[in-house]
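Engineer: Shown below is the structure under consideration.
The values are calculated or read from the model by the stated rules, or taken from the named source; none is laboratory data. From a predicted model like this one, the values you see are computed outputs, not experimental measurements. For neighbour counting, all protein chains shown are included, and Cβ atoms are generated from backbone atoms with ideal geometry for every residue, glycine included.
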Amino acid sequence: MAGTRSSGVTTAPDVDVPSRRYVSVQFAPSDIQQLKTHAAELVARPLPDRAALERWVLDWSELESLVHAGFSRRRIAMTRNTADPEIREAYGWYSRTVVPEWERIRKDLAERYLDCAFKAALPARFELFQRDLAVQVELFRDENVDLLAKDRELRARHARMTGGQSVDLDGKPHTIQQANARLTLGDRRTRESTYRAVTGVLLGHAESLHGLLDEMLVTRGTIAANAGVADYRAYAFLDRARFDYGPADCLAFHDAVERVVVPVIRKRREQRRQQLELASLRPWDLRVDPHRPEPHRPFRDERGYIDIGRTLFAAVDRRFADEFDILVRNNLLDLMSRPGKAPGGYNAEVRDIRLPFIFSNAVGNASEVRTLLHEGGHAFHTLATRHEPVPQLANAPIEFAEVASMSMELFAMEHYGAAYSEDDARLNAIALLERRLELFPWVATIDAFQHWLYLHPGHTRKARTEQWLAIHERFNPGVDWSGLEDVRSHLWQNQQHIFRAPFYYIEYAIAAIGALQVWSEFRRAPHDAIESYRQALALGGTARLPDLFAAAGARFGMDETLLERVVGSATERLDALEA
C-alpha cells in the first residue's frame, strides 16, 4: 500500500522510547478509520476536572506524535531517494490523505481544549501552547485543507526537480554538491568551468521553476484570502507564531544590514580580490580559500565525517559526544552526497521514538564539518526535550532552534585544534566567521525578495527578475557579473526556502545575532555558557523568544545597535586570526 512504505528509520532504538498508553501497538496513523475513531473518542470524552484534562492532553499528544512520525518517516525516505516512485507515492499519499484528515481533527481537538474551563488550571508552561492553538483555530478554514495538501505536493515536486540534478565534469557525472566542491579548488580555470557547467544545468530548469513558483504564489495567496487575512505574508507570520517581531522589524533589519554589514563585506571582498591577485572578483572566486592553494578536505567518507564530528562535540562537552553516539548507533544519519538525494541538509525529529535524524550531502569539504556541527546542535535540542510528556511543548520557535545550531558551530570553532592542525584550525575559524558575516546580507536578500513576491500578487516574471536584481545589487557588493547576467537573474532559484519554506529565512539572521552573543559568553566563561545553553534548550517551547534568548545568555533582537555589536565582535576576532 502506498501509505505504508517505510523510511528505514528504526522503530526500536537502544534508548528508552515512550510507551503507548492510549492507542494499541497495532495502531498505524495511515489507517484513516482508526485515526477517526480515536479522534472521535477524544472529542466526545467528558473533561470534569483538571486531572481529566491532563490525561486527555497526554492521549492527544500520543496520537499526534504517531501522525507526526508517519509524516517524518515518509519525508525522510523521499529526500533520501527522490528517484524511487514507490517512496515518492508513499510520501504523496500520506500528504494528500492523512495530513489533511489530521488537520481537520486537530482543529476539533484544539477547540475542545480551548473550550475546557480547566485549561486555566494547567501549569504556566502551557501558556504559549494555548496561545498558538488559538491562532491555529482562528486561521483554520476547511476549504484550505486541500489547498495546504496541494502546497505540500508542490514543495515535494520541487524536491524531485532539484534532487535528480547532475552535471558532467571531466567525462563523469557529478551531483550538484560534488560539483560545487570544485569551487574551492585553487585552479581558477577549473572553478570557472565548474561554475559555468553547474549554472548551465540550473538554468535548464529556470522556466520550470518560474512556473512552479507561479503556481505556489497563487495557491498560497488563495489560502491567505480564505483565512481572511490581508496577504500570504500576514498569514505566514501568524502561522509561524511570530508574536515578538513583525514585518516592519524585518524591513528595518534589511536597512540595518545595508548600513552595518554591506560595507564590511565590500571591504573583505576587496581584500579577497587583492589576496588572489585578480583584476576583478568573479562568482567562482567566492568559495576558494585565499590563504592556501588547495582546500582543506578533512574526511573522505561517512566514517571519517562522523569521527571528526564526535571529536569536536567531545571537545566542547563530553555530553554532546555521548548524545551524538545515540544517532550513530541507531543509524539516524545519512550524511554523504549521492545521486538521487534531495539537496541540502536538515535535522528531523522522528516523534514516535523522540529522536533526531540528520540528513546532509557531504563530499569531504571542511565546510561540511560545520554543517554536521550545525545539524548536531538541532539534534541536541531535540534530545534536550525528549522526555517532555507533551511533545507539543518541546518544540522551540525556529528563531531559537537556530541559536542552538549556530552556537554549536561557534563552540566547536574554539576547539578546532582537537581535530585539525594549528594552521587548519585557524583558517577554518576564519572561514566560519566570514560565513557568519556573509549570512546577514544573504538573509536580507532572500527575505526582502520574499516580502516583495507576496505583496505583489499577479506580477510578471519580468517584474520578478527586475526586483530580484535590484535587491541583489543592494546587498551583494564587490563581484563582477559581466557576461553572467542570466545566471544572476536566476540565483534566487538556488534557494530552496523560497519554494519549500516560504518566509522561513529571517530566522537565520535573528539566530545568528543570538549565537554570536552566546559565543562571546562562551569565550569568556566556557563552562557557564554551556550550562546556560543546555538549560535554555531544555525549555523547548515553554518560554517566549526573549526569555529563551535570555536563558542562553543573549538579548533577543534584530535592531541596528545589536547588529553593530555582534558584527564588531566577529570582525575583531577575524582581524586577530588573520594578523
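Engineer: Here is a list of conditions, (1) touching a helix residue (DSSP H, G or I) at 6+ places or on another chain (Cβ under 7 Å); (2) within 22 Å of Asn494 (Cβ to Cβ); (3) crowded, with 19+ Cβ neighbours inside 10 Å, and Ala236 meets all of them except one; can you say which number that is?
Structural biologist: Of (1) touching a helix residue (DSSP H, G or I) at 6+ places or on another chain (Cβ under 7 Å); (2) within 22 Å of Asn494 (Cβ to Cβ); (3) crowded, with 19+ Cβ neighbours inside 10 Å, only one is false for Ala236: (1).
Engineer: If only one of Pro29, Pro48, Pro13 is under 30 Å from the mean Cα position of the chain (by Cα) and at pLDDT 95 or above, which one is it? Explain how you work it out, then say what you get.
Structural biologist: Working: Pro29 fails: at pLDDT 95 or above; Pro48 fails: under 30 Å from the mean Cα position of the chain (by Cα).
Result of the check over Pro29, Pro48, Pro13: Pro13.
Engineer: While we're looking at this one, here's another question. Restrict the check to the range 474-492 and report whether at least one residue is more than 29 Å from Ser280 (Cα to Cα), free of Cβ contacts under 8 Å to residues at least 12 places away in the same chain and not β-branched (Val, Ile, Thr).
Structural biologist: Start the filter on the range 474-492 by keeping residues that are more than 29 Å from Ser280 (Cα to Cα), which leaves none.
No, the range 474-492 contains no residue that is more than 29 Å from Ser280 (Cα to Cα), free of Cβ contacts under 8 Å to residues at least 12 places away in the same chain and not β-branched (Val, Ile, Thr).
Engineer: Continuing with this model, one more query. Asp146: under 23 Å from Ala90 (Cβ atoms), free of Cβ contacts under 8 Å to residues at least 60 places away in the same chain and surrounded by fewer than 16 Cβ atoms within 10 Å (Cβ to Cβ), yes or no?
Structural biologist: For Asp146, the condition - under 23 Å from Ala90 (Cβ atoms), free of Cβ contacts under 8 Å to residues at least 60 places away in the same chain and surrounded by fewer than 16 Cβ atoms within 10 Å (Cβ to Cβ) - is met.
Engineer: Within the set of pairs 6 or more residues apart or between chains, which connect a residue that is farther than 11 Å from Asp559 by Cα inside the range 237-253 to a residue that is assigned to a loop (DSSP other than H, G, I, E, B) and of a type in the set (Val, Ile, Thr) with Cβ atoms less than 8 Å apart?
Structural biologist: Filtered contacts from the range 237-253: Leu238/Val229.
Engineer: Here's a follow-up. Quick one: which residue in Pro18, Pro13 is in contact with a strand residue (DSSP E or B) (Cβ under 8 Å, 6 or more places away or on another chain), touching a residue at least 12 places away in the same chain (Cβ under 8 Å) and over 30 Å from Thr162 (Cβ atoms)?
Structural biologist: Working: Pro18 fails: in contact with a strand residue (DSSP E or B) (Cβ under 8 Å, 6 or more places away or on another chain).
Pro13 is the lone residue from the list that is in contact with a strand residue (DSSP E or B) (Cβ under 8 Å, 6 or more places away or on another chain), touching a residue at least 12 places away in the same chain (Cβ under 8 Å) and over 30 Å from Thr162 (Cβ atoms).
Engineer: Tally the residues that are exposed (fewer than 15 other Cβ atoms within 10 Å of the Cβ) and part of a helix (DSSP H, G or I), restricting the search to the range 450-460.
Structural biologist: Count: 1.
Engineer: If you don't mind, another one. Restricting attention to the range 257-267, report how many residues are buried (at least 17 other Cβ atoms within 10 Å of the Cβ) and in a helix (DSSP H, G or I).
Structural biologist: So in the range 257-267, the residues buried (at least 17 other Cβ atoms within 10 Å of the Cβ) come out as 257, 260-262, 264-265.
Next, only the ones that are in a helix (DSSP H, G or I) stay: 257, 260, 262, 264-265.
So the answer is 5.
Engineer: Something else: Just for helices (runs of 4 or more DSSP H) wholly inside the range 173-256: which have at least 2 residues that are under 30 Å from Ile513 (Cβ atoms), touching a His at 6+ places or on another chain (Cβ under 6 Å) and at pLDDT below 95?
Structural biologist: Details: elements: 176-180, 188-203, 206-226, 232-239.
In the range 173-256, no matching helices (runs of 4 or more DSSP H) lie anywhere.
Engineer: Moving to a separate point now. Can you tell which of Ala463, Ala444, Ala431 is assigned to a helix (DSSP H, G or I), free of Cβ contacts under 8 Å to residues at least 60 places away in the same chain and either surrounded by fewer than 20 Cβ atoms within 10 Å (Cβ to Cβ) or not hydroxyl-bearing (Ser, Thr, Tyr) (or both)?
Structural biologist: Residue meeting the stated conditions: Ala463.
Engineer: Of all helices (runs of 4 or more DSSP H) completely enclosed by the range 24-129, which ones contain at least 1 residues that are touching a helix residue (DSSP H, G or I) at 6+ places or on another chain (Cβ under 6 Å) and without any contact (Cβ under 8 Å) to a residue 40 or more places away in the chain? Give the steps one after another, and end with the answer.
Structural biologist: Numbers: elements: 32-44, 50-80, 85-93, 99-114.
Qualifying helices (runs of 4 or more DSSP H): 32-44, 50-80, 99-114.
Engineer: Of the conditions (1) buried (at least 17 other Cβ atoms within 10 Å of the Cβ); (2) assigned to a helix (DSSP H, G or I); (3) among the hydrophobic types (A, V, I, L, M, F, W, C), Val137 clears all except one; give me its number.
Structural biologist: Single failed check for Val137: (1).
Engineer: What's the total number of residues in the range 563-579 that are among the small types (Gly, Ala, Ser) and surrounded by 15 or more Cβ atoms within 10 Å (Cβ to Cβ)?
Structural biologist: Residues that pass the stated criteria total 2.
Engineer: Test Ala404 against the stated conditions and say whether it is in contact with a helix residue (DSSP H, G or I) (Cβ under 8 Å, 6 or more places away or on another chain) and closer than 24 Å to Ala529 by Cβ.
Structural biologist: Working: in contact with a helix residue (DSSP H, G or I) (Cβ under 8 Å, 6 or more places away or on another chain): yes; closer than 24 Å to Ala529 by Cβ: yes.
Yes, satisfied.
Engineer: Sort out which residues of the range 200-240 are within 18 Å of Arg500 (Cα to Cα) and small (Gly, Ala, Ser), and write them in order of number.
Structural biologist: If the condition is that a residue be within 18 Å of Arg500 (Cα to Cα) and small (Gly, Ala, Ser), then Ala206, Ser208, Gly211, Gly221, Ala224, Ala234, Ala236 are the ones that fit.
Engineer: Name the residues in the range 397-417 that are of a type in the set (A, V, I, L, M, F, W, C) and either surrounded by 23 or more Cβ atoms within 10 Å (Cβ to Cβ) or under 23 Å from Ala579 (Cβ atoms) (or both), would you? Steps first, please.
Structural biologist: Residues of the range 397-417 of a type in the set (A, V, I, L, M, F, W, C): 398, 400-401, 403-404, 406, 408, 410-413.
Scanning the range 397-417 gives Phe400, Val403, Ala404, Met406, Met408, Leu410, Phe411, Ala412, Met413.
Engineer: Is it the case, given these coordinates, that Ser532 is polar (S, T, N, Q), touching a residue at least 12 places away in the same chain (Cβ under 8 Å) and out of contact with any helix residue (DSSP H, G or I) (no Cβ under 6 Å at 6 or more places or on another chain)? Let's see the steps before the verdict.
Structural biologist: Numbers: polar (S, T, N, Q): yes; touching a residue at least 12 places away in the same chain (Cβ under 8 Å): yes; out of contact with any helix residue (DSSP H, G or I) (no Cβ under 6 Å at 6 or more places or on another chain): yes.
Here the answer is yes, as Ser532 does meet what is asked.
Engineer: Given Asp187, Asp255, which one is acidic (Asp, Glu) and within 29 Å of His459 (Cα to Cα)?
Structural biologist: Within the list Asp187, Asp255, the selection yields Asp255.
Engineer: With Gly211, Gly171 as the choices, which residue is free of Cβ contacts under 8 Å to residues at least 12 places away in the same chain and over 23 Å from Gly344 (Cβ atoms)? Working first, answer last.
Structural biologist: Numbers: Gly211 fails: over 23 Å from Gly344 (Cβ atoms).
Sole residue among the options that is free of Cβ contacts under 8 Å to residues at least 12 places away in the same chain and over 23 Å from Gly344 (Cβ atoms): Gly171.
Engineer: If you scan the range 286-312, which residues turn out to be touching a helix residue (DSSP H, G or I) at 6+ places or on another chain (Cβ under 7 Å), under 28 Å from Trp481 (Cβ atoms) and charged (D, E, K, R)?
Structural biologist: Across the range 286-312, the qualifying residues are Arg287, Asp289, Arg292.
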